[in-house]
Amino acid sequence: MTLGPVMLDLCGTELSAEEREMLCHPLVGGVILFARNFESPQQLIALTQAIHAVRQPPLLIAVDHEGGRVQRFREGFTRIPPMRRLGELWDQHPQSARRLAHQTGYVLAAELRACFVDFSFTPVLDVDYGESRVIGDRAFHREPQAIAELAHHLMLGLKEAGMAAVGKHFPGHGFVAADSHLAIPVDERDFADLQLFDIEPFRQLTHFGLAAIMPAHVIYPKVDDQPAGFSAKWLKGILRGELGFDGVIFSDDLSMEAAKAGGDVVTRAQAALEAGCDMVLMCNDTMSAQALLAGLEYTIPAVSLARLTRMHGKPHPPSLVQLHENAHYVEAVHAIGSIGQGSGDLPLAGAIDPCAQR
């Protein structure tokens with residue numbers, strides 16, 4: 001059975017019989033995990049191994065694990081600071097910021113891979129204009145070049161530990177104040193402004209071999225009247241055509257408020273796939289997920305299968321015990337602990353913004 005074009009979530013810390021049946025559906029290709037699916041590293045390993053055992057080739061397992069507000073797994077994992085802390089360091093010590101970005105990516109990926117998670121939806125490539133609460137300190141910086149360089153080094157760290165990177169939210173969610181989880185954001189800027197600033201990190205990361213991109217549920221009416229994730233002009237014309245991106249395009253969550261204007265869940269998924277997405281995400285709505293699997297008629301293209309296959313994590317990751325005894329890993333963990341010291345505003349463990357799912 002090949003991978004399908006749909007990524008689903010789970011209700012708890014173990015697979016239920018109903019979830020096993022859903023994951024065997026030919027339209028399913030992956031699972032995204034949330035904080036509710038985590039109790040401990042040992043429990044997480046049992047869950048991921050159970051998911052991978054459901055079928056062959058194994059389903060992709062993903063998580064939003066960026067750091068700061070958006071770090072789904074806490075107990076037993078290194079506390080990753082929000083990416084803004086690296087941007088603040090960049091302003092004073094660019095070389096140190098690059099090195100710490102690499103170490104952050106390595107630790108983030110090494111710990112997830114030791115628990116058999118294939119990839120995280122990171123890094124955030126949005127420009128920090130100080131307008132978007134849902135982005136906020138998840139963004140590296142206000143300057144596109146700083147974002148591109150720090151994200152590139154984070155990506156190199158991820159790769160070192162056997163994990164592909166996913167840049168988000170194309171072409172940029174940082175300028176609009178509205179949260180696409182709760183409303184339909186509209187960015188009225190001209191394409192030239194987007195190209196000069198917001199798109200630049202995506203362009204550079206594409207050149208550096210970025211494996212995947214997630215588009216924003218934001219409307220840019222000067223370019224198209226559809227949100228970017230449902231727009232063939234954005235995905236096929238600009239991202240694939242002009243930027244030359246050949247990696248995976250993941251939709252953002254189809255249950256978000258900004259996606260619901262596209263009709264029922266089957267219509268939304270069909271529109272996203274036809275616009276150019278390789279895989280669509282359906283989260284936090286079991287009934288809609290069931291309706292999607294029952295109603296979607298779609299044969300995944302061979303090129304999408306090839307792209308998705310590259311998202312599997314590097315095989316045979318070290319165990320957690322082996323990882324914790326690795327001097328390179330221990331050094332990187334200590335280095336990450338120094339990031340943002342004295343800033344006084346790192347979020348407390350467990351303080352995850354409920355709206356910051358992407």
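Derivation of every value follows stated rules applied to the coordinates shown; laboratory data play no part. All values reported here derive from a predicted model rather than from experimental measurement. Note that each Cβ is placed from the backbone with ideal geometry, even for glycine, and that neighbours are counted across all protein chains shown.
In this simple spin-label approximation, V186 and V330 carry label points 7 Å from Cα along the Cα→Cβ vector, and these lie 5.8 nm apart. In plain terms, the residue of I300, I219 with the fewest other Cβ atoms within 10 Å comes first and the most crowded comes last, giving I300, I219.
What does the helix-only formula give at 222 nm for the chain: each DSSP H stretch with n ≥ 4 adding -39500 (n - 2.57), the total divided by the residues, and the result rounded to the nearest 500 deg cm²/dmol?
-10500 deg cm²/dmol
Given charges of +1 on the Cβ of Lys and Arg and -1 on the Cβ of Asp and Glu, with all other atoms neutral, how large is the dipole of the range 1-87 about its Cα centre, in debye to the nearest 20?
Numbers: 9 positive and 9 negative charges, 98 e Å.
About 480 debye.
Rounded to the nearest Hz, the phi-derived 3J(HN,Hα) couplings of the range 81-93 under the Karplus curve 6.51 cos²θ - 1.76 cosθ + 1.60 (θ = phi - 60°) are x, x, 5, 4, 4, 5, x, 5, 5, 3, 4, 9, 9, where x marks glycine and proline.
Exposure proxy for D9, D126, D91, D225: other Cβ atoms within 10 Å of each Cβ, ordered fewest to most, give D225, D91, D9, D126.
Tell me, Kirkwood radius of the range 127-166 from alpha-carbon pair distances, in Å?
Numbers: mean 1/r = 0.0908 Å⁻¹.
Here the Kirkwood hydrodynamic radius works out to 11.0 Å.
Suppose each label sits 7 Å from its Cα in the direction of the beta carbon; what would the E75-Q92 distance come out to in nanometres? Placing both labels 7 Å along Cα→Cβ, they lie 3.5 nm apart. So which lysines can K314 reach, going by Cα to Cα under 17 Å and dropping same-chain residues fewer than 8 places off? Here the lysines satisfying the reach criterion relative to K314 are K159. In plain terms, the bigger the Kirkwood radius, the slower the diffusion; for the chain, with that radius from Cα pairs, at 20 °C and 1.002 mPa s, Stokes-Einstein puts D at 107 µm²/s. Applying 1/(1 + (r/R0)^6) with r as the Cβ-Cβ distance of K222 and Q145 and R0 = 41 angstrom yields a FRET efficiency of 0.95. Between C11 and Q43, the distance separating the two model label sites (each 7 Å from Cα on the Cα→Cβ line) works out to 1.6 nm.
Test of understanding: ordering L156, L323 by Cβ neighbours within 10 Å, fewest first, what list do you get? Don't skip to the answer; put the middle values down first.
Numbers: L156 17, L323 20.
With the sparsest Cβ surroundings first, the list reads L156, L323.
If N is the number of residues in the range 285-328, what value comes out of its Cα radius of gyration divided by 2.2 N^0.38 Å? Spell out each step's value before the answer.
On the way: Rg = 18.6 Å, N = 44, 2.2 N^0.38 = 9.3 Å.
So the Cα radius of gyration is 2.00 times the expected 2.2 N^0.38 Å.
Extension gain for A306-Q322 works out to 2.6 nm (0.36 nm per residue, less the C-alpha to C-alpha distance).
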